[in-house]
Amino acid sequence: MKIDVLTLFPGMFLGPLDESIIKRARESGRLDLKIHNLREYAHDRHRTVDDRPFGGGPGMLLKPEPIFEAVEDLGREMTRVILLSPSGRTFNHAIASELAQFEHLLLVSGHYEGFDERVRDQLADDELSIGDYVLTNGALPVMVVVDAVTRLLPGVLGDDESANEESFSHGLLEYPQYTRPADFRGMKVPEVLLSGNHAEIARWRGEQARLRTQERRPDLL
Ligand SMILES: C[S@@+](CC[C@H](N)C(=O)[O-])C[C@H]1O[C@@H](n2cnc3c(N)ncnc32)[C@H](O)[C@@H]1O
């Protein structure tokens, strides 16, 4: 998968996407990730990307020209252009799986008060929020989306099964898990997990996942 990111803060991306699983996905070519500075698409002396909103009001808005030019430069016919914005649909596992099917994502990160509405109307195929709160810019939301989508790409996780058994993958939260020692300071691992009876273990895990979901996230059921 190819992901292009448009941002005013390319420096924020140094580090988080250069470690561990995402690093390996990039090195193996499963993820081709490029970060682009929006200012490269502004042509005046000061590389201006923002201006005051018509009608007044606080703050500045991202101007349409640099974003249109960048999307025209980086986009292809099958590109999915996605704005990060608190007004978008709330990002979740189902949306991550949906995005993992596309060949090319172009993620557009905002700043200041956000985007001129014509960017929404004319350029965006989708608009995503990572939750009901407001961050200073879209770099962290972009990283959240890149991480969640990349780990669903074939071959990215060492054991492909591990993405299938996790929270949300079947509409439930994950069941409780334990590792050695079986008895830690008197806190014992449930007997069934030590039994070697795989059918019983699967039944217990299913039941625990349902109980935990009922208790913590009944909205998922
Ligand atoms: C300060 S916010 C703009 C908020 C905007 N004025 C509003 O009220 O919705 C600046 C940028 O940060 C990003 N951003 C902030 N919170 C976000 C969230 N919860 N999800 C996705 N992007 C977010 C967006 O790209 C947004 O354009």
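Points worth noting:
- Any chance residue 59 is surrounded by 15 or more Cβ atoms within 10 Å (Cβ to Cβ) and within 16 Å of the ligand (Cβ to nearest atom): no
- Of the residues making up the stretch 1-36, those that are more than 22 Å from residue 103 (Cα to Cα) and free of Cβ contacts under 8 Å to residues at least 60 places away in the same chain are 10, 11, 14, 15, 19, 20.
- Residue check, residue 205 among the basic types (Lys, Arg), assigned to a helix (DSSP H, G or I), at pLDDT 95 or above and within 16 Å of the ligand (Cβ to nearest atom): no
- Across the stretch 2-13, a minimum of one residue is classified as charged (D, E, K, R), at pLDDT 95 or above and surrounded by 19 or more Cβ atoms within 10 Å (Cβ to Cβ).
- Every condition in (1) open to solvent by 60 Å² or more (accessible area, probe 1.4 Å); (2) out of contact with any strand residue (DSSP E or B) (no Cβ under 7 Å at 6 or more places or on another chain); (3) of a type in the set (D, E, K, R) is met by residue 113 except one, and the failing one is (2).
- Taking the criterion of being assigned to a strand (DSSP E or B) and within 15 Å of the ligand (Cβ to nearest atom), the residues of the stretch 62-84 that qualify are 62, 81, 82, 83, 84.
- Wholly enclosed helices (runs of 4 or more DSSP H) of the stretch 85-192 bearing at least 2 residues touching a residue at least 40 places away in the same chain (Cβ under 8 Å) and within 11 Å of the ligand (Cβ to nearest atom): 139-150
- Considering the stretch 73-110, and only residues there that are of a type in the set (D, E, K, R) and within 17 Å of residue 36 (Cα to Cα), the residue that is surrounded by the fewest Cβ atoms within 10 Å (Cβ to Cβ) turns out to be 76.
- Counted residues, the stretch 38-53 - those being more than 15 Å from the ligand (Cβ to nearest atom) and either surrounded by fewer than 18 Cβ atoms within 10 Å (Cβ to Cβ) or at pLDDT below 95 (or both): 8
The values are calculated or read from the model by the stated rules, or taken from the named source; none is laboratory data. Treat the numbers as computed from the prediction; the structure is a model and nothing was measured. All Cβ positions, glycine included, derive from the backbone under ideal geometry; neighbour counts span all protein chains shown. Areas reflect the complete protein model, heavy atoms only, side chains present, ligands, DNA and RNA absent. Shrake-Rupley method; radii C 1.70, N 1.55, O 1.52, S 1.80 Å.
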